[in-house]
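A short write-up of the structure that comes next.
Just so it is clear, none of the values below were taken in a lab; they were calculated from the coordinates. In this text, all values refer to a predicted model and were calculated from it rather than measured experimentally. Methodologically, a virtual Cβ is constructed for each residue, glycine included, from the backbone with ideal geometry; neighbour enumeration extends over all protein chains shown.
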Amino acid sequence: MLVSMNWLQQYVDLDSYSADELADLITKGGIEVETVEKLNKGISGVVIGHVLSCEQHPDADKLNICLVDIGEEEPVQIICGAANIAKGQHVAVAKVGAVLPGNFKIKKAKLRGEASHGMICSLQELGIESKLVQKEFADGIFVFSDDVTPGEDALHYLNLNDEILELGLTPNRADAMNMIGVAYEVGAVLNRSIDLPSPELVRTEESAEDYVSLHVENEDDNPYYGATVIKDVTIASSPQWLVNRLVSAGIRPINNVVDITNYVLLEYGQPLHAFDYDRFGSKEVIIRRATDGEKIVTLDDTERTLSSDHLVITNGSKPVAVAGVMGGADSEVQQDTTTILLEAAYFNSKLVRKASKDLGLRSDSSARFEKGIDRNRVVGASERAAQLIQEIAGGTVLKGIAEQGARTVEAKDVSIEVTRINQVLGTEISETEVAAIFERLQFSYQNFGGTFTVQVPPRRPDITISEDLIEEVGRLYGYDNVPATLPITESTPGQLSDYQKKRRRVRRALEGAGLYQTVTYSLTSPSKRIFFSDETTDAIRLAMPMSEERSELRTSLLPHLLEVAQYNKNRQLENLAFYETASVFLPDGELPKEQEHLAGVVSGLWQEHLWQKEKKSVDFFVVKGILEELAVEFGVEERLTFARADEPKLHPGRTAAVHLDNELIGYIGQLHPEVEKELDLSETYVFEINLEALLKANVDHLKYKKLPRFPSVTRDVALVVNESLEAGQVKRVIEEAGGAKLVEINLFDVYQGEHLEEGKKSLAFSLRYYNPEQTLTEEEVKKAHDRVLTAVEEQFGAALRS
Amino acid sequence: MQERLQTLKEEALLQIEKASSMKEVQDIRVAYLGKKGPITEISKGMGKLSAEERPKMGQLVNEIRTAISDQLEEKANGLEKAAVEERLKKETIDISLPGRPIKRGNHHPLTRVIEEIEDLFLGMGFSIAEGPEVETDYYNFEALNLPKDHPARDMQDSFYITEETLLRTHTSPMQARTMEKLNGEGPVKIIVPGKVYRRDTDDATHSHQFMQIEGLMVGENVRMSDLKGVLQSFAKKMFGDEREIRLRPSFFPFTEPSVEMDISCFNCGGNGCSVCKGTGWIEILGGGMVHPNVLRMSGFDPEKVTGFAFGMGPERIAMLKYGIDDIRHFYTNDSRFIKQFNTL
Ligand SMILES: [Zn+2]
């Protein structure tokens, strides 16, 4: 809502308040003033001029030499190229020395040999937006229609000395979508009285009911409809004051009748519609639901197809307007219109909203109906418009209104106790202060021992319960005056849940390992959704996605992490280490199952210390090490296992399935080289696991283990085995065979090549034996170690490397 | 004899001075002071002297021994010191060479801000509730006093999956979910961080996915002044002790009265600058007193308890706090962006 200071001044005395000060007070009162705009965009030296003569330039077809009286001793010569310039006009003249928007300075000039002492201005040159300029002046200079005096300041006449407050209205404050509502609000905020228009009408003997036979089929759809008839109207341009008001509110002036309906819409918040009575098509005005498939061509010359969800005004046979949304083209007021049927109605807001949404038509009118208008102002608004049409367009207003439904509704009672107000706000506001606030709001009330019963006027439909009154009192009392206290309820311990604590540890562990956290989108494309997942599961798809790229919920975190890798690689950032923890979404019941995953992507160099000639590229074991470290952190290192696996998007020889106990919880591996090529990534390793499974695994409490009291014995053994044999298998066999006294097995060398038979490799383990009860005897160690050697020989044919 | 001793002394001192290694020093010691050395010889021959001369001579011999021995020791010390110095010189490194980097990642800036806020409210006795990102229409809207045809639903155009399920548009659904479980028994003190979604085209200031932290406190005698107090300590801890807050009336369907909170501009201190668009104040969050309908629908009696709720955007807070100019940075994950958040 745009509020002109000059216009508002008509209703409330704003003296002593600058626009900025007022804006601040209104904002503090609860309606946010988003901007304060000066209409004068840096103009000075523009006056009214009277064109005394206007002749064609001898050397230029399109230029005119004008002699213009600008209120100085001598008229000045100005060269003007506008097509609509003519002798006798009153125009806006930027004198020599004047400044126009954009710091454009007017100087003496010579145009094709003729001197020009100034410039005759168009409205655009004065900083008025093109979309607000009347059609007649759109391509030329502006011409005053009023009686004006040469030499006077043109800005005043064009309202360019005004300042505009832009209100950001929350949906509950539709009451401030009109100047009268704003006047009530500003009156309350400033604690000043307001002066509202009271239209006085001269009506003829002829009655509107002779011209209109009205029938509203369903009063729930349309609780009130009133038609006023005005004859002998002359359609013309509006006077400058009316033009100025509309322009200040951001509405383009069209002609006097249309401008008046718009003006009253802005002033009263009441949408009105003026039909050309002679083009209406009948005396009948029937308001009913449209039939399915019924058509109407609206004012914007577009054919619309309606349904029974839509309310229409008809002439008995066909729709002439979509109620509250837009009129029809057939009955539009035109230049030759003489008789007007002026509609002022109260339509069901839900129906207007539905039609506006279905037809994709949002108008100033529908916006107000949707948010709710003041029922008690409908008739007043139609009288105000009739009065203005009478004054400005010379119409005669017929007696009475052809109407159906009650004109007004009762105020609604809402009660509140002063003690309750103070209890909720934490304040000590007195009864007198509360009463004063209701008076500022112009609410009538009764006060019985601190309980106020307020008669809430229909202009404030947002106030329905006592809490709404607490807000009214609070906002006008001022939240600055509410103290800052600490809650006095019983104290509660604030702490993270076990899961939340563990999640924080996961982040710290991964970051300690060198990975950077990312946050990526949950919505993805169909192809990315199935990139790493089972193609057969159903998609969880948005009903109306904004794009295919963001149309389905992801089932895996990796596709977006790979996008992050690509993004960075394209910027020469090639050493990558990222992780993310986030939910993936799996089809389930009504709501999907949301499972928190952990995924990572690493590529490029892992270690780099150049001047010491150290460089270590990422490999499978870097990623595996990260997960193993995490398993240690959560006490499941014995239970987390890796098994060779085959995944379509991963390297067949470098991929492992990750199991916790016996449950598959994810994968680690290198991207398949073809995928790397497709994504233009270098060797890249990834992992993704079900984090919930890891964090929810039951583990024993941390318990201290006694420090060793006896020496342990270490034996190294190098075993020659087939190269295809996995070290992990050998380790498991050693572990089993070694028994309780074998406490640590470390693989310290893997060798293949010289001195070894083709197809063989050597695995060197360091085995540590320990007995917590006493010092190990050589005998004990030998027994255990022999079991190990026998076992590996029997199982794998492993020979000791000599 | 006396002369001989003096000569020996001079000879010895001269040789000591010339010595350049520990071995030479050792040789000199043996040569002069050893058991077969000349001075020992002289001592042995002192028996031939008279009783008067003997003590005098003895004293002289001792003096010369001491003089040589002291000189030897001094020389040895000097040589040792020089040797150490030589070694240290050889071992000297260029300390300006770069140190070995420690591999370490860091939090995403949004996590950093969220954890900071979580810790702050944990300290005030709140706990952290989390809920589903795909919600029912009921919890996302209806239980928050936004019935199906409420005009305020326009304010948050949403991503529906079915007629009844959608991506949550705020983390407020956890208000109802948490309260329902408590069967009307307070107090409730939670904050709810999480991802939310709205139908916005991504640009410098909009993102279809973003974070929100909702706060809720319900109990007997919870007042708006408490909301102000809690938010004040939040603002001071988050943005500095000098920050002032102000509450402005606003509107949310699930609170009544509703407020928006501004903090005094940390950039200009309130005089007006580009960060605060000249107003001296920066809008940080919205909140208010829990609407009685919300309490009632979740099984609490608005006659007995009151509550406050608030909601804030970690992106906005991070953008303000760190001067980040484009919300898309949070979701692009440029490593040069993320790595900046590794310091205090
Ligand atoms: Zn500032």
For A:Tyr224, other-chain or 5+-apart residues with amide H closer than 5 Å (H placed, Pro excluded) are A:Tyr346
If one compares the long axis through the Cα atoms of helix A:256-268 with the longest principal axis of the Cα atoms of chain A, the angle in degrees, nearest 10, works out at 60 degrees
Per GNM of chain B with C-alpha springs under 10 angstrom, the most fluctuating residue out of B:Val134, B:Val222, B:Val84 is B:Val84
A:Asp680 and A:Ala718 label points (each 7 Å along its Cα→Cβ direction) are spaced in nm at 4.8 nm
quick note, the protein assembly as shown, DSSP beta bridge pairs, % antiparallel (nearest 5) is 95 percent
Counting only DSSP loop positions in the stretch A:459-490, the GluC sites (Glu not before Pro) whose Cβ has at most 14 other Cβ atoms within 10 Å are A:Glu490
Per the rule of 0.36 nm per residue minus the C-alpha distance, extending A:Ala645 to A:Ala727 adds in nm 27.9 nm
Taking A:Lys283, B:Lys75, A:Lys295 and counting other beta carbon atoms within 10 angstrom, the fewest-first order is A:Lys295, A:Lys283, B:Lys75
Placing +1 on each Lys and Arg Cβ and -1 on each Asp and Glu Cβ in the protein assembly as shown, then taking the dipole about the Cα centre, the residue among A:His560, A:Val93, A:Ile389 whose Cα reaches farthest towards the positive end is A:His560
Amide H contacts under 5 Å for A:Thr555, restricted to residues at least 5 apart in sequence or on another chain and with H modeled in the peptide plane, are A:Phe585
Answer in debye to the nearest 20: the dipole magnitude of the protein assembly as shown about its Cα centre, from +1 Lys/Arg and -1 Asp/Glu charges placed on Cβ, is 4980 debye
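Test of understanding: ordering B:Asp325, A:Asp462 by Cβ neighbours within 10 Å, fewest first, what list do you get? Each step should come with its number before you reach the end.
Numbers: B:Asp325 9, A:Asp462 19.
Ascending number of Cβ neighbours within 10 Å: B:Asp325, A:Asp462.
Two-decimal Rg/Rh of the stretch A:672-726 from alpha-carbon positions, Kirkwood Rh? Mind dumping the intermediate values first?
Numbers: Rg = 22.0 Å, Rh = 18.2 Å.
Rounded to two decimals, Rg/Rh equals 1.21.
Would you kindly work out the equivalent ellipsoid of chain A from its C-alpha gyration tensor and give its semi-axes, the square roots of five times the eigenvalues, largest first in whole Å? Walk me through the intermediate numbers first.
Values: eigenvalues 1317, 262, 167 Å².
They are 81, 36, 29 Å, listed from largest to smallest.
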Taking the alpha-carbon centre of each part, the distance from the stretch A:708-766 to the stretch B:29-69 in Å is 73 Å
A correct Karplus calculation of ³J(HN,Hα) over the stretch B:299-309, with 6.51 cos²θ - 1.76 cosθ + 1.60, θ = phi - 60°, whole Hz and x for Gly and Pro, returns x, 10, 8, x, 6, 9, 10, 10, x, 10, 9
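Let me check against my output: what whole-number percent is the relative contact order of chain B, with C-alpha pairs under 8 Å and at least 6 apart? Before the final figure, lay out the partial values.
Numbers: 505 pairs, mean separation 51.9, N = 344.
Contact order relative to length: 15 percent.
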Per-residue average of other protein chain Cβ atoms inside 10 Å, peptide B:250-260 -> 6
Surpassing 29 Å at the alpha-carbon level, of the pairs A:Lys501/A:Lys731; A:Lys569/A:Lys616; A:Lys87/A:Lys135; A:Lys501/B:Lys237, are A:Lys501/A:Lys731
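Which of the trypsin sites (Lys or Arg not before Pro) found in the stretch A:1-69 are loop residues per DSSP with 13 or fewer other Cβ atoms within 10 Å of their Cβ? Walk me through the numbers on the way to the answer.
Values: sites: A:Lys28, A:Lys38, A:Lys41, A:Lys62; in loops: A:Lys41, A:Lys62.
Loop-located and lightly packed - A:Lys62.
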With the 8 Å Cα cutoff and a minimum separation of six or more residues, chain A has a relative contact order in percent of 8 percent
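Of the cross-linked pairs A:Lys318/A:Lys350; B:Lys35/B:Lys75; A:Lys502/A:Lys615, which ones have a Cα-Cα span greater than 29 Å in the structure shown?
On the way: A:Lys318/A:Lys350 23 Å; B:Lys35/B:Lys75 21 Å; A:Lys502/A:Lys615 33 Å.
A:Lys502/A:Lys615, as the Cα separations exceed 29 Å there.
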If every Lys and Arg gets +1 and every Asp and Glu gets -1 at its Cβ, then about the Cα centre the stretch A:565-635 yields a dipole, in debye to the nearest 20, of 520 debye
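Grab the beta carbon distance between A:Asp301 and A:Thr537, set R0 = 35 Å, and tell me the FRET efficiency rounded to 0.05. Before the final figure, lay out each step's value.
Working: r = 50 Å, r/R0 = 1.42.
Computed FRET efficiency for A:Asp301 and A:Thr537: 0.10.
Report, in cubic angstrom per residue, the convex hull volume of the C-alpha atoms of chain B. Don't skip to the end; give the middle numbers.
On the way: hull volume 103.1 nm³, N = 344.
With only Cα atoms used, chain B gives 300 Å³ per residue.
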Reduced to Cα centres, the span from the stretch B:73-120 to the stretch A:148-169 in Å works out to 71 Å
Among trypsin sites (Lys or Arg not before Pro) in the stretch A:681-775, those in a DSSP loop whose Cβ has at most 12 other Cβ atoms within 10 Å are A:Lys703, A:Lys705, A:Lys706, A:Arg709
Expected integer from the mean partner chain Cβ neighbour count at 10 Å over A:422-430 is 4
The stretch A:412-481: relative contact order from alpha carbon pairs under 8 Å, six or more residues apart, as a whole percent, is 42 percent
FRET efficiency for B:Lys81 and A:Thr485 from the Cβ-Cβ distance with R0 = 56 Å, rounded to 0.05, comes out at 0.15
Measuring from its Cα centre, the stretch A:375-483 shows a charge dipole (+1 at each Lys and Arg Cβ, -1 at each Asp and Glu Cβ) which, in debye to the nearest 20, is 620 debye
